[in-house]
Structures are given as C-alpha cells and as structure tokens.
Amino acid sequence: NPKTLLDFGCGDGKFIHELRNTKINLTGIDTSKKSIEFAKIFTPSSKFFSKDITQYNPKEKFDVITSIEVLEHIHPKNLKKIINKIHKLTKKEGYFIITVPAKNIPTSKKHYQHFDIKLMKMVLDKKFKIIKVIGHYKLSRVYELLYALSTNNYISITSKNYQKFLNYYFKKKLEKSKPSKSRRLIFICKKI
C-alpha cells in the first residue's frame, strides 16, 4: 500500500495515468520535455518533471520507484550513478520495480543491452535486493506470428473474435513464463 510512487523514465505518463484513480501520490520524471508536456495534459492531478534523475532533488522520498522499459536505453557506464540516485530517492524498506527486455531476444538499435538475473544483480550493486523475478511473454514462434499479424502495415485484423482470441491466447499461453524463457523480465526489488 504505497503512499508515494515515482515513475522514472515515465515518457508521456501512461503508467501514471493508469494509476490516477488510486490514493497514491504519483510523480513522473523523464528527460523528454515533449513527453512531459503530454503527461501533464493527460494526468494534471500528478506531478511531472522534465529533467535528468541525477539532478532531481525532491524533499520527499518514495515508497516505490518504477522503471518500465528504461534501463536498456541507458549506457552501461551511466547505470551505477542512476541506481545510486534511485537508492537515495527510495524510502527505507521501499521498493524498486523494473521491467526490461531479456537477454533472450536480440538487442535493438535503441538499446545498449538486455538483461538477465545475473546482470541485474550487478547493476543493482548491493543497493537493492531482488525479491522476485517474473518472466513476461514466453519465447514462442506463435508469439512472433501473432504479433506480426497484429502490427503489420499490409493487413489489419480487427475483428472482435480475433481480438478475443489474441487476449485469451496471450494471457493463457504466453503472458507468464520462466525468466530463462521470456522476452521480458520484471524485477521486484527492495532497498538494502
């Protein structure tokens, strides 16, 4: 039951927008001024800052800090400084929740690296303890095919039945998987 949450790398604030009806005091930070402008429009009840997190010095600390698909965009030599800052911004007994692409998939042009449990432990550098790892989106040729069909530029499959099938299939067959067989990893970490 967190009272405060900071979304690091919040982009246009979609995650904060999804949480807007909770009793959590929500804050987002991102280096993109344009994204923060959108976030402020979509969720005016929350606080948003356009700045480098290492330069962010609020009076409060946070119960939870999230980083959703962000760490892979940061050069490895800069990660230690950022993790140290997130550690300082997290309350004692607070949590750091991270989602990143798994090493199981190729690194894209926009990413410096993808992660596994061993690498994440090194990145967290005794600042946070990993208490749970969740595999998300099972590696599967069926996933690749369904994803390609639903996102291609040539045909659009929008029937309600197809959408129902996709939702069912993803939730039942692909959404949860072993971390070693996943496309994405979710790390739930506690401040040390």
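Values for this structure:
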| item | result |
| --- | --- |
| Residue within the stretch 60-68 that is in a helix (DSSP H, G or I) and in contact (Cβ under 8 Å) with a residue 40 or more places away in the chain present | no |
| Among residues of the stretch 11-46, those that are assigned to a loop (DSSP other than H, G, I, E, B) and open to solvent by less than 10 Å² (accessible area, probe 1.4 Å), counted | 2 |
| Residue list for the stretch 64-104, restricted to those being out of contact with any Ser or Thr (no Cβ under 7 Å at 6 or more places or on another chain), among the acidic types (Asp, Glu) and open to solvent by 30 Å² or more (accessible area, probe 1.4 Å) | Glu93 |
| Residues of the stretch 69-107 satisfying the condition of being among the charged types (D, E, K, R) and in a loop (DSSP other than H, G, I, E, B) | Glu69, Lys103 |
| Test: residue in the stretch 108-116 that is open to solvent by less than 70 Å² (accessible area, probe 1.4 Å), within 14 Å of Cys10 (Cβ to Cβ) and either in a loop (DSSP other than H, G, I, E, B) or touching a Gly at 6+ places or on another chain (Cβ under 9 Å) (or both) | no |
| Boolean, Lys61 is out of contact with any Phe, Trp or Tyr (no Cβ under 9 Å at 6 or more places or on another chain), under 18 Å from Tyr112 (Cβ atoms) and surrounded by fewer than 18 Cβ atoms within 10 Å (Cβ to Cβ) | no |
| Looking only at the stretch 47-58, and only at residues there that are open to solvent by less than 50 Å² (accessible area, probe 1.4 Å) and among the aromatic types (Phe, Trp, Tyr), the one that is nearest to Lys88 (Cα to Cα) | Tyr56 |
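The values are calculated or read from the model by the stated rules, or taken from the named source; none is laboratory data. Small disclaimer: the values here were computed from a predicted structure and weren't measured. Neighbour counts are summed over all protein chains in view; Cβ atoms, including those assigned to glycine, are modelled from backbone coordinates with ideal geometry. Ligands, DNA and RNA are excluded from the accessible area calculation, which covers all protein heavy atoms including side chains. Shrake-Rupley method; radii C 1.70, N 1.55, O 1.52, S 1.80 Å.
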